[in-house]
Amino acid sequence: MPEMKKLYEIGNRPREIFLSPDGETPTRRSRVPFTRRHWLKWRSRYNPKSLKLEKRLEDKKPLWWMLSLGLLLLVTPFLGNSALTVASIFCMFAAINVLWTLIIGTAGIFSLATLAVVGVSGYAAAAFNVYLGVPWPFMFVIGCLTGLVAGGVLALPSTRLDGLYFALLTLGIVEICRVFVQQLKSLGATNGSINQVDSFIPSDWFLQREGLLLGFFGAFALLLGALLLFKLVNSERLGMLLQTARDEEAFAEAIGIDYRRARLMVFMISSAGLGIIGAFYAMYYRSISPSIFSLDQLLLLFAMIVIGGIGRADGAVLGTAIVVLIDKGLLDLGPVRILIVAAIMLLVTLLTNNGLVGAREQFRNYRNRKKSEARARRTEKGGEVMPEEATDMPDKQEIFYRRFNKRLRDELKLLITPELIEEHRRKPLGRHSDALSRVLNYFRRSEMPDKYAILRQPENFNHYKIVALSGERGAPPRLVDDRLYESIDEAYHAVFLLRVNDLLES
Amino acid sequence: MANTRIFGYSDPLCLKAGETVDFKVSVEGARTVNAQLVRLIHGDENPLGPGFVEEEIRSSIPAEISVKRQFTQIGSFAIADDEERKLDGLQSFTLFAHFFATRIKAERQQIMGQWCVDEQKGYGLGLDPSGHVSLWLGNGGKVDQIVSETRVVERCWYFVAATYDGTSGRASLRLINCVNSWNSRISTVVPFGLDSWIEEKLATKPARTAGHVRFMLAGASETNAQRGPHTTLLFNGKIDRCGVFGRAVATDEIGALSRGEMKSGDGLVAHWDTTAGYTDKGIGDTIQDIGPNAIHLEGVNRPVRGMTGFNWRGADSFRLAPREFGGVHFHDDALTDSNWDTTLSLDVPDDLKSGVYALRLDGGGTQDYVPFIVRPKRPKAKIAFLLPTFTYLAYANEHLAYEAPIAQAITAHTPVIVAEDLEYKKLEEFGLSTYDHHTDGAGCCYSSWRRPIISMRPKYRMPAMNFPWALPADLSLIWWLEHAGYDYDLITDHDLHAEGKSALDPYKVVLNGTHPEYYSEEMMDATEAYLADGGRVMYLGGNGYYWVTGLRADEPHCIEVRKLDTGSRAWQAEPGEGYLACTGERSGLWRSRGRAPQKIVGLGFTAEGMDESQPFERMPDSFHKRASWIFEGLGERELIGDFGLAGGGAAGIELDRYEQGLGTPPHTLLLASSWGHSDNYPLVSEEVTYAFPGRGGTQDAQVRGDMIYFTTPNNGAVFASGSIAWSQALPCHGGENNVGRIMRNVLNAFIRDGALPGSEFTGEEKLWR
């Protein structure tokens, strides 16, 4: 008698809020302008337990975005000046990281020249403003164009170089930019900086409360813009194309997706966006210095997206928030901050698969794995169904079939004797003993998938091999083994032996 | 596996000498193949018999013919006869339909619409892969859609109305649950209740489609370079009354439409009344438009008519309540006509011997036989062999061994398949038999000869039992008739159905094939009248005259049967759906309609099993002088047919029994019976009222095959050996065996005019023993 497993009660109360649509009045779905997307993904389903119609928000991310960004927008104006600055820096860095995520995640190009693009564009915009007197609103245009050109130049080698080599190359370019700016004679006096840049913040508000507030709102708008760009690129056509290519490049190419071109497009679009951020950066500080090209800044940014999770906008923003809070919010701690960031980064890389935003998915996978392990411990293959398994079986009759067949097999196993096998060998078809009839009838009634059949060989009427049927219309059977049987009775008996073997192993 | 694939069919399947037969051939991997006309004499390659025997026939067919790949349109759907293109280019519209989805699948399914898949133009209403109802529009560049709130529950009736207003771009989709106590899989106790009503502004306007794109029910137009125009997005399920308005209709109008109240409101473009056209003789493929424009729909691949509709309330047939039978069932794997181009025609010479012929095609290491049956221009012989062509169609391309989990339990065999089988099944483009289920689980009720049929290939063995079945099995009797030197004509079920008794009248004796299972009323009447008029029948099969079968007079290629209530049935028609759409008759077993086969040939189905056949043993009646001449040359206790190509005996596979209660004539002599069947021969279900154990061959006396003889008026008679395996015992031992001896004794007597031997022994029995 096998050990009886304890049977646990199952069942949960719903933890979500549902709406109940009624069919008497129309539901009006509205869309995000210029797209075919709905604002929110409300979807209905019949609850499988009650069959009641439930309408639930299937994608809750927009809700979290609204809550967190709304909170930021509402609370920040009431914070002190230093906190206001931290919030603005957060917005700017988050915007940079969101676009960087497009490059690394969506386009799959491992570029470390993100800050270089921001810097080059910032310098260009500032130079046009300071030396050529271009008014500040045009700085965005200049930043954008510079970003585009810089992106184009960087993109060229990306098709020739793979992963790590391209990353090293971009790191080199960052360094070249820094050295170039620092050694420019004309900027020698300011140690490579361009100062006195005009800005959207009036000069008499600069470093005043009003100026800081305006700066924050500007940075917030910048972040919103970056998120919108991310959404437009990542979730629309370009992103879809690249999604396909990521799974299977050769397949994507075969069905006519030019994924290289799509990658370059994403790279260029993101670089143009980074250019705008560069211009904004120069305006926000009213100056730009070579520190933007510094390696520590770059690595800090890198820490942000690693902590948050590469490839997702929410990851970029969350990672930025954490690192900026520590780096800029806890200035009193001094150099320990850097150690804390490094420790968090280490922990995140050690413990999670894809940053903090991937933790939920990871947890679910972990729970599912544990669940299957527990089920594997508690049930045997083809044995009694446990209450927790029954929830996954919509046709409850299957559960009884499992019980019945398990008990039937246990009985039939006792009937398998050498005499019974010999009886079948002597006469595979026709009238049999009661025991053999029972065993055969069980074999014959089994389900179609993987059911044995005999394949007559074309060269000889009495040559046979054994196959297993697919059970699926149009899908051919598979050869069980290559053995050739030279009479039909031999083949029938070979199938019988295979089935006896399957029975005894079950 | 060979790289060349050869498939073909002949149209018609059976014809008179002097008529023309068309061969439709599709070949992949070769431009030309060798062709040769052959007469088929024996099919079964079993070394215990004569093996495969064919005779090459000189004919006008060239030795080499050029061939091409031909495509098959599978799936049933209906095409609008919209010559004025009133349904194309609609800017504002309403599409409405009652529908009953039977299978949500991974592809989109169109219920109705004017939609071009490749150009993404037009409009369509259907189900998306998740089972939501969707209305989609396309302008050639962009497609937009509105999707219902709820998913459709399979096998439940719904009403859907989709409106679109071209000026505002607003679309609405309203799905109304129509489940009542009768019409669906589930009843009103299930709380799947709520309707769905969605409104949304769409970004695309529907564009006018190209000229070849047609408005369709249950499918949509697609074109590609290799195949040309064809139909995809096939729908599985029933569609009831439906239609199109040229405007977005108002809410209260939708309510009325959902209740089936139709006022021909303004802007009505088409209103298809699926219940229009029923007569007591059934209904055709045309779905009538009762609106102002009369844009009728024409069914392709026989959408199944006579099905219960959304308002069905339990009536047994469309003949009782036609308005409740608006259901038209569409299947994505239905096939009644491959519609291939004719590759080659043969004018059959007037003097060609009656026989089973085939066009033998060879190429690239592959061979195919395209069979056809030739009947003499005018009856020549005294013997007619009635080939059960209805049975050939009923089993055409059956999938039992591959798809029916119980098939191995029925046959008690492990199936034996061959490479050709896999080639046929690979693309699944040659349709199903009446033993198979469509992809949505519904039984297949139509079978046609206008498609390649592997189970009619001469060497083919039915995988589930590993012996020939139907036509290849009947070739054993043809071989024996040739061997024994009898002159015979072939006629077919189709001839008997079309011509009635006059097809049999010219013959002294008519022989049935191994399995004359599918009979129409015309065939029953003709056989009965022939016997009553002095005709002589040798019923040499099992499970004959069983299913009520019908066909349309002008479309003999396609038979219809509804498996019903009782009998050995591969499927069971849904309640109310048991009447033949092509004749208006109740289908099911002839026995259930008062015409058990015993009433005509004395025997009827009693058991089947495929593991092992047994011999017949003489019964006392075989020693009565009325019939003892049949056993001339046989010993008193000689086992009759302890050999055979089907299970090793003459009595087996499917067995028929003498039963006075079911109509066996009272003066019938029970000549012989078989004994010793295994429990894999259970008593058939139509004999089982209460179920109790012990109905198998080792315990139930009704499990046996009988051999009987009785006389009919005007010197007529029936000799019957109720076993499918009978004729397949004939070729054993070189064709000289005791089964053949009995056949000769009976045939020799039956072909003679006048009184039958033994007919004088009708006196009272005054016995001393």
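No lab work stands behind these numbers, since they all come straight from the coordinates. Being a predicted model, the structure only gives us computed values, none of them experimental. As a convention, Cβ positions derive from the backbone with ideal geometry for all residues, glycine included, and neighbour counts pool all protein chains shown.
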Calculate the translational D of chain A in whole µm² s⁻¹ from Stokes-Einstein, where the hydrodynamic radius comes from the Kirkwood formula applied to all Cα pairs, the temperature is 20 °C and the viscosity 1.002 mPa s.
-> 75
How do B:K238, B:K205 rank when sorted from fewest to most other Cβ atoms within 10 Å of their own Cβ?
-> B:K205, B:K238
Cα-centred dipole magnitude for the protein assembly as shown, charges only on beta-carbon of K, R (+1) and D, E (-1), debye, nearest 20 | 4460
Using only Cα atoms, tell me the angle between helix B:738-750 and the longest principal axis of chain B; keep it within 0 to 90° and round to the nearest 10.
-> 90
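Ranking request for peptides A:272-282, B:731-741, A:56-66: highest mean number of other beta-carbon atoms within 10 Å first, then the rest in descending order.
On the way: A:272-282: 29.5, B:731-741: 19.4, A:56-66: 12.4.
With the highest mean Cβ count within 10 Å placed first, the list reads A:272-282, B:731-741, A:56-66.
Quick check on packing: order B:723-729, A:384-390, B:753-759 by the mean number of other C-beta atoms within 10 Å, highest mean leading. Provide the component values of the computation, followed by the final result.
Working: B:723-729: 33.1, A:384-390: 15.9, B:753-759: 13.6.
Result, highest mean first: B:723-729, A:384-390, B:753-759.
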Within 10 Å of each Cβ in peptide B:416-428, how many partner chain Cβ atoms are there on average? Round it to a whole number, please.
-> 4
For chain A, calculate the relative contact order in percent as a whole number, restricting contacts to Cα pairs under 8 Å that are 6 or more residues apart.
-> 15
Give the shape of chain B as rounded, prolate or oblate, defined through the alpha-carbon gyration tensor: a ≥ b ≥ c are the square roots of its eigenvalues, a/c under 1.5 means rounded, and otherwise the shape is prolate if a/b is larger than b/c and oblate if not.
-> prolate
Under the helix-only model (-39500 (n - 2.57) for each DSSP H run of 4 or more, divided by the residues of chain A), the mean residue ellipticity at 222 nm, to 500 deg cm²/dmol, is -19000 deg cm²/dmol
Report, in degrees rounded to the nearest 10, the 0 to 90 angle that the Cα long axis of helix A:163-183 makes with the longest principal axis of chain A.
-> 10
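Can you say what percent of the DSSP beta bridges in the protein assembly as shown, counting only those with both residues inside, are antiparallel? Round to 5. Each step should come with its number before you reach the end.
Working: 161 of 188 bridges.
Bridges in the protein assembly as shown that DSSP calls antiparallel: roughly 85 percent.
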Past the 25 Å Cα-Cα mark, which pairs from A:K451/B:K238; A:K427/A:K451; A:K52/B:K201; B:K24/B:K563; B:K121/B:K425; A:K427/B:K563?
-> A:K451/B:K238; A:K52/B:K201; B:K24/B:K563; B:K121/B:K425; A:K427/B:K563
Note the direction-averaged projected area, equal to a quarter of the hull surface, for the Cα convex hull of the range A:16-62, in nm².
-> 4.1
Report the equivalent ellipsoid semi-axes for the range B:548-633 in whole Å, largest first, defined as the square roots of five times the eigenvalues of the gyration tensor built from alpha carbon atoms.
-> 36, 17, 13
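For chain B, give me the percentage of DSSP beta bridges that are antiparallel, rounded to the nearest 5 percent. Numbers along the way, then the final one.
On the way: 145 of 167 bridges.
Here the share of antiparallel DSSP bridges comes out near 85 percent.
Looking only at other chains, what is the average number of their beta-carbon atoms within 10 angstrom of each beta-carbon in B:671-681? Don't jump to the answer; show the numbers that get you there.
Working: counts 0, 0, 0, 0, 0, 2, 2, 5, 5, 8, 1.
Mean partner-chain Cβ count within 10 Å for B:671-681: 2.
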Can you give the net charge of the other residues whose Cβ lies under 15 Å from the Cβ of B:Q36, counting K and R as +1 and D and E as -1?
-> -3
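Roughly how large, in nm² to one decimal, is the mean projection of the convex hull of the alpha-carbon atoms in the protein assembly as shown?
Numbers: hull surface 242.4 nm².
The orientation-averaged projected area of the Cα hull of the protein assembly as shown comes to 60.6 nm².
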For the range A:33-127, shape from the Cα gyration tensor axes a ≥ b ≥ c, cut at a/c of 1.5 then a/b versus b/c, turns out oblate
Karplus-derived HN-Hα couplings along the range B:671-681 (A = 6.51, B = -1.76, C = 1.60, θ = phi - 60°), whole Hz, x at Gly and Pro | 7, 7, 9, 9, 9, x, 6, 7, 6, 6, 10
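For a quick protection proxy, order the peptides B:154-161, B:318-325 by their average other-Cβ count within 10 Å, most packed first.
Values: B:154-161: 23.2, B:318-325: 20.2.
Packing proxy ranking, top to bottom: B:154-161, B:318-325.
Would you mind classifying the range A:253-361 by shape? Square roots of the alpha carbon gyration tensor eigenvalues, ordered a ≥ b ≥ c; an a/c under 1.5 is rounded, otherwise it is prolate if a/b is larger than b/c and oblate if not.
Working: a/c = 2.68, a/b = 1.24, b/c = 2.17.
Oblate, because a/c is 1.5 or more while a/b does not exceed b/c.
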Could you work out how far the C-alpha centroid of the range B:256-310 sits from that of the range B:478-528, in angstrom?
-> 40
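Counting Lys and Arg as +1 and Asp and Glu as -1, what is the net charge of the other residues whose Cβ lies under 15 Å from the Cβ of B:N714? Mind showing how you got there, number by number?
Working: positive: B:K501, B:K508, B:R536, B:R752; negative: B:D505, B:E528, B:D533, B:D753.
Result for the neighbourhood of B:N714: 0.
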State, to one decimal in nm, how far the label point of A:L504 lies from the label point of A:L71, with both points 7 Å from Cα in the Cβ direction.
-> 6.5
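For peptide B:191-197, compute the average count of partner chain beta-carbon atoms within 10 Å of each residue's beta-carbon.
Values: counts 6, 4, 5, 9, 5, 7, 8.
Whole-number average of other-chain Cβ neighbours for B:191-197 is 6.
Take B:D642, B:D706, A:D247 and order them by how many other Cβ atoms sit within 10 Å, fewest up front. Numbers along the way, then the final one.
Values: B:D642 20, B:D706 27, A:D247 8.
Ranked by crowding around the Cβ, least crowded first: A:D247, B:D642, B:D706.
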Assign unit charges at the C-beta atoms only (+1 for Lys and Arg, -1 for Asp and Glu), then state the dipole size of the range A:405-505 relative to its Cα centre in Debye, rounded to the nearest 20.
-> 380
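State the Kirkwood hydrodynamic radius of the range A:405-505 in Å, one decimal place, computed from all pairs of distinct Cα atoms.
Details: mean 1/r = 0.0692 Å⁻¹.
It is 14.4 Å.
Please arrange B:R591, A:R375 by how many other C-beta atoms lie within 10 Å of their C-beta, fewest to most.
On the way: B:R591 22, A:R375 13.
Sorted ascending by nearby Cβ count, the order is A:R375, B:R591.
For the range B:135-256, compute Rh as the Kirkwood radius over C-alpha pairs and then the Stokes-Einstein diffusion coefficient at 37 °C and 0.692 mPa s; write the answer in µm²/s, rounded to an integer.
Working: Rh = 16.6 Å.
Approximately 198 µm²/s, per Stokes-Einstein.
Ignoring everything except DSSP H segments at least 4 long, calculate the 222 nm mean residue ellipticity for chain B; use -39,500 (n - 2.57) per segment, divide by total residues, nearest 500. Working shown, then result.
Working: 11 runs with 86 residues, N = 769.
Rounded to the nearest 500, the figure is -3000 deg cm²/dmol.
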Rounded tilt (10° steps) of A:434-444 against the dominant C-alpha axis of chain A = 30
